[in-house]
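Asker: The following block contains the structure, expressed as structure tokens.
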Amino acid sequence: MIGKIKKLNFKSLFILNTFALIVTSYIFNNFIFIGVFALFFCITSLTTKNGLETIRKLNLLQNIRIEGPPNHSKKSDTPTMGGVFMIVPFLIFLLIITLNLLSLKLFLLFLIIFGFFITGFLDDYLSIKKKENTGLKTKEKFVLQSIISIIFILLAYEKNFINPLITVSDSWEINLNIFILPISFLVLVGISNSVNLTDGLDGLAAGCSGIVFFGLGTEILMKEQQELFVFSILCYSMSGICLGFLKYNCYPAKIFMGDTGSLSIGAILGSIALLTDSVFTLFIFSGVFIIESLSVIAQVSFFKITKKLFHKGQRLFLMAPLHHHFELKGVKEQKIVENFWKINILLVILGIVLKINL
């Protein structure tokens, strides 16, 4: 089906995602999923549309990196911090569910998302205030992420909410024992920063996130565990939120999500995967995010090694993350985003197929 889609834009991605959700709802004989997706798509679309003018009045505008691709200068003064319109509705929804179910697991989920949301908000706010592309220093951001993640991991592990058995298939489990703690840390901080790095082209992070949330919600649903049902609902609501925001974030973007959105999205994906024993599948679904992050690590490492060896640093890519490399190669921004979306859809299909067959 994907091969037949010559041009994957916002409308076709929305139709594809909606169709997939209708099929999922039919298979599992529960249409609450499509309802939640549609509800939050509408909520985020409306809040983003109405909030655009407020952001302009508050002068919350994007600062573009001088060392970034030259054609990105035109994106300067685009409203940012749009993540507020994505994460706040989700946090309110999550809090309502948490209070109704009186669930400690959901309360911990709320706390870590809120923590990453505040971290991203501070980073965006300071960036705008200083009129630079960097708000919090890298070390400061990492320390905040680390403190929030460690508190979440220790509390969740103590309450047996994090399973040291990583499930690959029904017959294959890997017992990580105490090593689940550092791996959980890598999942949370790694995915969060990976989504953040991916958020460099119009609609790239929002579109990929909407796809990954659909995949994660479906994978959790396939576990057929009643206590995990609520996490599927949360994932489908986030899928709707991401696509609702994408309506105004796709090329040419009218608004950016900022770290407020990207760091929070990564935290939601990572924490839900840990609480539902879906880390292995999330690793497959998040292939685009991971490759983007690895391209930065490879670029920096190769530069440092060659500088030490030859006294002149060499680069693997024209620029990292990977999407900037393709930009400088002359590939149009819309085409890069479209191809990354397609790859992400294929990764979700691969993850679900593996889940069925393993």
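None of the figures in this text is laboratory data; all of them are computed from the coordinates on show. Since the model is a prediction, treat every value here as computed from it, not as a measurement. In this analysis, Cβ positions are derived from the backbone assuming ideal geometry, glycine residues included, and neighbour counts consider all displayed protein chains.
Asker: In the stretch 6-50, what chymotrypsin sites (Phe, Trp or Tyr not before Pro) fall in a loop by DSSP, with at most 14 other Cβ atoms inside 10 Å? Before the final figure, lay out each step's value.
Answerer: Details: sites: Phe10, Phe14, Phe19, Tyr26, Phe28, Phe31, Phe33, Phe37, Phe40, Phe41; in loops: Phe28, Phe31.
Sparse-neighbourhood loop chymotrypsin sites (Phe, Trp or Tyr not before Pro): Phe31.
Asker: Oh, and also: To make sure I understand the rule: partners must be lysines, Cα under 21 Å from the Cα of Lys342, and not fewer than 8 residues away in the same chain. Which ones qualify?
Answerer: Lys4, Lys6, Lys7, Lys11, Lys247, Lys329, Lys332, Lys355
Asker: Please say if the stretch 137-273 is rounded, prolate or oblate, where rounded means a/c under 1.5 for a ≥ b ≥ c the square roots of the C-alpha gyration tensor eigenvalues, and otherwise the choice is prolate for a/b larger than b/c and oblate otherwise? Could the numbers behind the result be given before it?
Answerer: Working: a/c = 2.38, a/b = 1.35, b/c = 1.77.
Here the stretch 137-273 falls in the oblate category.
Asker: Here's a follow-up. Label the stretch 205-317 by shape, choosing from rounded, prolate and oblate, from the square roots a ≥ b ≥ c of the eigenvalues of the Cα gyration tensor; if a/c is under 1.5 it is rounded, and otherwise prolate applies when a/b is larger than b/c, oblate when it is not.
Answerer: In terms of gyration-tensor shape, oblate.
Asker: Would you list which aspartates and glutamates come within 15 Å of Lys74, measuring only between C-alpha atoms, while excluding same-chain residues fewer than 8 positions from it?
Answerer: Asp202, Glu327, Glu333
Asker: Now, a different point. Go ahead and estimate [θ] at 222 nm for the chain from helices alone: -39,500 (n - 2.57) per DSSP H run with n ≥ 4, summed, over the residue count, rounded to 500.
Answerer: Value at 222 nm, helices only, nearest 500: -24000 deg cm²/dmol.
Asker: Separate question: With springs connecting C-alpha atoms under 10 Å apart, model the chain as a Gaussian network and identify which of Ile191, Ile343, Ile268 has the largest mean-square fluctuation.
Answerer: Its mean-square fluctuation being the largest, the pick is Ile343.
Asker: Let me ask you something else. For the chain, with the dipole built from +1 on Lys and Arg beta-carbon atoms and -1 on Asp and Glu ones, taken about the Cα centre, which of Val288, Gly240, His311 lies farthest toward the positive end?
Answerer: His311
Asker: Given contacts defined as C-alpha pairs under 8 Å and at least six residues apart, what's the relative contact order of the chain, whole-number percent?
Answerer: Details: 526 pairs, mean separation 85.5, N = 358.
Computed over the chain, the figure is 24 percent.
Asker: Taking the Cα centre as origin and putting +1 on Lys and Arg beta-carbons and -1 on Asp and Glu beta-carbons, what dipole magnitude results for the chain, to the nearest 20 debye?
Answerer: Computed about the Cα centre, the dipole is about 1320 debye.
Asker: Rounded, prolate or oblate: which fits the chain, taking a ≥ b ≥ c as square roots of the Cα gyration tensor eigenvalues, rounded meaning a/c under 1.5, else prolate when a/b beats b/c?
Answerer: rounded
Asker: Pick from Cys208, Cys250, Cys242: which is most flexible by mean-square fluctuation in a GNM of the chain where alpha carbon atoms under 10 Å apart are linked?
Answerer: Comparing Cys208, Cys250, Cys242 in a Gaussian network model of the chain, the most mobile one is Cys250.
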